[in-house]
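The values are calculated or read from the model by the stated rules, or taken from the named source; none is laboratory data. Here the structure is a predicted model, which is why all the values come from computation and not from measurement. As a convention, Cβ positions derive from the backbone with ideal geometry for all residues, glycine included, and neighbour counts pool all protein chains shown.
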Amino acid sequence: MNKQALIQQHHPDAIRKRLATPNKPQYISDAVLGGIDGCVTTFAVVAGVLGAGFSSSVALILGVANLIADGFSMAMSNYESVRAQHEYNNRLRLIEAEHVQQVPDGEREEIRQLFQAKGFDGATLNHIVDTLTQNQDVWIDTMLTEEHGVQKTLSNPKQSALTTFVAFILVGIMPLLPFLSTSLAPQQQFIFSAGIAAIMFFLIGMIKGLYVATPLFISGLRTLLTGGAAATLAFLTGYLLREVFGIG
């Protein structure tokens, strides 16, 4: 972004408008997590099944079954995780509200020490303490953020779960598509599946790179290596078990 655009964004009116707009929760991390895990899950199943010497139809059936079951499980886990964070924050808010009511002097001292640690002192520090503790909601919000490190903007549990599930299914089904083709030999199906999985891993990594502002190629390559390692491990496990138990 050029300097002129930055200057415009930091004009008092632009700042006022931006700060007056409530922060929106982001769901890109849920999508990235669901996509990566979906692709790893299904291709790992495919690699493990074929490594064990089973047919393509078995790989397809187990892949779809794992896709649905693991996608739902992951979505529900994400839902419970986000919901637990909401409940934890609400519990802390109730505790801080009770402390403000019962020991206001002690809570004021906490505010004082928190901002003293930031370098404020004297009349400036006194003014900050007096200002923040005039409004109980502001007081409690400050304690939650500064003392407990609580985020003010949290994801919606249902939206997080839905985003995870959709990303898991959409990306995870891609490595299974070659197994729907009866015109391809099993080895060809596996090669196409591996290629699709590699592309998915790389694209997800690039999307993650856009979000965290890291080099796209490096981010894509890292995700590709992670997914590839999981798939290779699954294939080798299936192959070794086939040899151990003599599966034909």
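Per this entry, Ile140 is not counted among residues that are out of contact with any Pro (no Cβ under 8 Å at 6 or more places or on another chain), of a type in the set (Val, Ile, Thr), within 27 Å of Met76 (Cβ to Cβ) and in a helix (DSSP H, G or I). For the condition of a type outside the set (Gly, Ala, Ser) and touching a Cys at 6+ places or on another chain (Cβ under 6 Å), Val150 does not qualify.
Counting the residues of the range 39-66 that are crowded, with 19+ Cβ neighbours inside 10 Å and hydroxyl-bearing (Ser, Thr, Tyr) gives 3.
In the set (1) closer than 26 Å to Gln159 by Cβ; (2) of a type outside the set (Asp, Glu); (3) not in a helix (DSSP H, G or I), Lys118 fails one condition alone, (1). When Ala84 is tested against the conditions (1) within 30 Å of Leu184 (Cα to Cα); (2) free of Cβ contacts under 8 Å to residues at least 40 places away in the same chain; (3) under 19 Å from the mean Cα position of the chain (by Cα), the lone failure is (1).
Among residues of the range 198-214 that are over 21 Å from Val46 (Cα atoms), those with a beta-carbon under 7 Å from a residue that is at pLDDT 85 or above and among the polar types (S, T, N, Q) at least six positions away or on a different chain give the pairs Gly205/Ser219; Gly205/Thr223; Met206/Ser219; Lys208/Ser219; Lys208/Thr223; Gly209/Ser219.
In the condition set (1) under 23 Å from Thr153 (Cα atoms); (2) modelled with pLDDT under 85; (3) assigned to a helix (DSSP H, G or I), Asn23 is compliant with all but (3). Here Ala161 meets each of (1) at negative phi; (2) free of Cβ contacts under 8 Å to residues at least 60 places away in the same chain with one exception, condition (2).
Being over 30 Å from Asn156 (Cβ atoms) and touching a residue at least 24 places away in the same chain (Cβ under 8 Å) is true for just one of Gly51, Gly106, Gly71, Gly38. Which residue is that?
Values: Gly106 fails: touching a residue at least 24 places away in the same chain (Cβ under 8 Å); Gly71 fails: over 30 Å from Asn156 (Cβ atoms); Gly38 fails: over 30 Å from Asn156 (Cβ atoms).
That would be Gly51, the only listed residue that is over 30 Å from Asn156 (Cβ atoms) and touching a residue at least 24 places away in the same chain (Cβ under 8 Å).
The condition (being touching a Cys at 6+ places or on another chain (Cβ under 9 Å) and in a helix (DSSP H, G or I)) is satisfied by just one residue among Ile204, Ile169: Ile204. The set of residues in the range 107-148 being under 33 Å from the mean Cα position of the chain (by Cα), of a type in the set (D, E, K, R) and over 22 Å from Asn89 (Cβ atoms) consists of Lys118 alone. Tell me, please, whether a residue that is over 21 Å from Arg242 (Cβ atoms), modelled with pLDDT of 80 or more, of a type outside the set (D, E, K, R) and in a helix (DSSP H, G or I) can be found in the range 57-66. For the range 57-66, residues over 21 Å from Arg242 (Cβ atoms), modelled with pLDDT of 80 or more, of a type outside the set (D, E, K, R) and in a helix (DSSP H, G or I): present. Which pairs have Cβ atoms under 9 Å, sit 6 or more apart or on different chains, and link a residue in the range 228-248 that is in contact (Cβ under 8 Å) with a residue 12 or more places away in the chain and loosely packed, with under 11 Cβ neighbours inside 10 Å to one that is in a helix (DSSP H, G or I) and of a type outside the set (Phe, Trp, Tyr)? Correct list of pairs: Gly248/Arg242. As a summary of the residue check, Phe72 satisfies the conditions (1) within 19 Å of the chain's Cα centre (by Cα); (2) at pLDDT 90 or above; (3) over 28 Å from Phe192 (Cβ atoms); (4) not charged (D, E, K, R) except for the one numbered (3).
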